[in-house]
């Protein structure tokens, strides 16, 4: 969180007022001139042509309301937003490696001429996703759980399949063409004006929940593309087995939505994909390549878990070693960190807390900044006063307002000045529910504290390392070795494609998690 905020030119969610149709549409009051009918007919003809498009995969006519040109435009627009919001993992060599595999698969697909791009986003979540037009992303979190190139090819091929079969375009059409923003807008929290869509945190419809048939078709296409490009198509089933095991455990899954929340049950798909794998036509040049040794070499040193440069969540505490501060969220709340803010939610409720850095605060005194910030978001001050917070200048107040999906809400906010920056921490809930969380929210607001250099320097990222199994090694023993206690034994097993009840064999090369350098 916040790592990219210093170079941005927004004031955060609360300061970003909604744009109306008058601001984004035709200039108000301009007179129409000239005949309109030919233009209307041209627009209708273009819409009809898009609606009667041929599906590139099936060859059948399909009713869609988006042309390929529009598909490319949407993907290009959102690609910049994905990279800005999630961040691109800083390993150019690994990025090129994933891109090379992706491009080989794309050339073997039904739409080889799309301007395909592939990127690793800097998220610990176990996920992969695609945008219309050929923009494919994998998280570094899912790379940690893959065990060879064939599995990576399965993931990339699956997402390529969503694009080639135009699944996102079909979903837009099924929705009746209502507001393209349902798919391409209001995706990111900074675009939620101001907090109205927090119920959909985690990038919302960017991670589209495709129908079961779409997912099965993408599985089949992933098998087909992997086999055509020379990789073992069984990597698709191996990848699904790992995700299924991960689904059966609590795992170490946090942050943006993961594959398990945006894709149907992977266990049920393994049995359905195996006959497809057995019958698919293989490449004659490099049949059934797995590329395990090369894959392990490439991900040796991969960052695992939160990136300290954007802050890390440890239990219910959030620490940011670069910006040198920490705070505690209420115990039992789920905390999600992104490059622009931290959001916490009490599970099963409509109670939230949001931490943000104010880039260009308006006003002079801290009180003026606080009142202006909340007023611009549509909140009215009920009370407030200056308060020192762990040696820092602070201001704490209570506000009321109205939010979409939540109705009348009460918010308690703290504004803290630290190292020439102003931070805003707001806890809110519907008016009828706020009293239940008021005490723990208030405690959290005043837990904001500076980190001294020694404490900040001690926060290091965890990374993957490659370990050769020795005689007598077990997952339990390995988990208690270097990086003792960083992950559980069951997580190590799943990380390496094993059932937690299985043990590694001497000579196996496996991934382990160790403390890394900063």
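In region 371-385, how many are touching a residue at least 60 places away in the same chain (Cβ under 8 Å) and surrounded by fewer than 15 Cβ atoms within 10 Å (Cβ to Cβ)? Qualifying residue count for the region: 0. Within region 492-510, the set of residues being outside any loop (DSSP other than H, G, I, E, B), surrounded by 21 or more Cβ atoms within 10 Å (Cβ to Cβ) and touching a strand residue (DSSP E or B) at 6+ places or on another chain (Cβ under 8 Å) comprises 492, 495, 510. Looking at (1) part of a strand (DSSP E or B); (2) touching a residue at least 60 places away in the same chain (Cβ under 8 Å); (3) surrounded by fewer than 20 Cβ atoms within 10 Å (Cβ to Cβ), can you tell me which one residue 349 breaks? Failed condition: (1). Summed over region 456-465, residues that are in contact (Cβ under 8 Å) with a residue 40 or more places away in the chain and surrounded by fewer than 16 Cβ atoms within 10 Å (Cβ to Cβ) total 2. The helices (runs of 4 or more DSSP H) located wholly in region 58-159 include none with 2 or more residues which are outside the structural domain of residue 219 (by TED's automatic domain parsing) and over 29 Å from residue 247 (Cβ atoms).
Return the only residue of 491, 468 being free of Cβ contacts under 8 Å to residues at least 60 places away in the same chain and not assigned by TED's automatic domain parsing to the domain that holds residue 369. Full working, then the answer.
Details: 491 fails: free of Cβ contacts under 8 Å to residues at least 60 places away in the same chain.
Criteria check complete, one pass: 468.
Are any of the residues in region 369-377 under 24 Å from residue 334 (Cβ atoms) and more than 29 Å from the chain's Cα centre (by Cα)? Looking for residues that are under 24 Å from residue 334 (Cβ atoms) and more than 29 Å from the chain's Cα centre (by Cα), one finds none in region 369-377, hence no. Could you please let me know if residue 356 is surrounded by fewer than 21 Cβ atoms within 10 Å (Cβ to Cβ) and under 21 Å from residue 338 (Cα atoms)? Considered against the rule, which asks whether it is surrounded by fewer than 21 Cβ atoms within 10 Å (Cβ to Cβ) and under 21 Å from residue 338 (Cα atoms), residue 356 comes out as no.
Residues are listed down the side, and each one gets a yes or a no for (1) assigned to a strand (DSSP E or B); (2) over 20 Å from residue 316 (Cβ atoms):
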{"site": "375", "(1), (2)": "no, yes"}
{"site": "393", "(1), (2)": "yes, yes"}
{"site": "424", "(1), (2)": "yes, no"}
{"site": "429", "(1), (2)": "yes, no"}
{"site": "441", "(1), (2)": "no, no"}
{"site": "447", "(1), (2)": "no, no"}
{"site": "463", "(1), (2)": "yes, yes"}
{"site": "467", "(1), (2)": "yes, yes"}
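Residue pairs whose Cβ atoms lie under 8 Å apart, separated by 6 or more positions or on different chains, with the first residue in region 287-312 and touching a residue at least 24 places away in the same chain (Cβ under 8 Å) and on the phi > 0 side of the Ramachandran plot and the second part of a helix (DSSP H, G or I) and surrounded by fewer than 22 Cβ atoms within 10 Å (Cβ to Cβ), are 288/234.
Condition check ((1) surrounded by fewer than 20 Cβ atoms within 10 Å (Cβ to Cβ); (2) at positive phi; (3) at pLDDT 95 or above; (4) not assigned by TED's automatic domain parsing to the domain that holds residue 366) across all residues:
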residue: 387; (1), (2), (3), (4): yes, no, yes, no
residue: 392; (1), (2), (3), (4): yes, no, yes, no
residue: 397; (1), (2), (3), (4): no, no, yes, no
residue: 411; (1), (2), (3), (4): no, no, yes, no
residue: 419; (1), (2), (3), (4): yes, yes, no, no
residue: 431; (1), (2), (3), (4): yes, no, yes, no
residue: 437; (1), (2), (3), (4): no, no, yes, no
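Of the residues making up region 469-479, those that are in contact with a helix residue (DSSP H, G or I) (Cβ under 9 Å, 6 or more places away or on another chain) and part of a loop (DSSP other than H, G, I, E, B) number 2.
Taken together, the criteria place residue 103 among residues that are out of contact with any helix residue (DSSP H, G or I) (no Cβ under 8 Å at 6 or more places or on another chain), at pLDDT 95 or above and closer than 29 Å to residue 54 by Cβ.
The values are calculated or read from the model by the stated rules, or taken from the named source; none is laboratory data. Just so you know, these numbers come straight off a predicted model, no measurement behind them. Cβ: placed from backbone, ideal geometry, glycine included. Neighbour counts: every protein chain shown.
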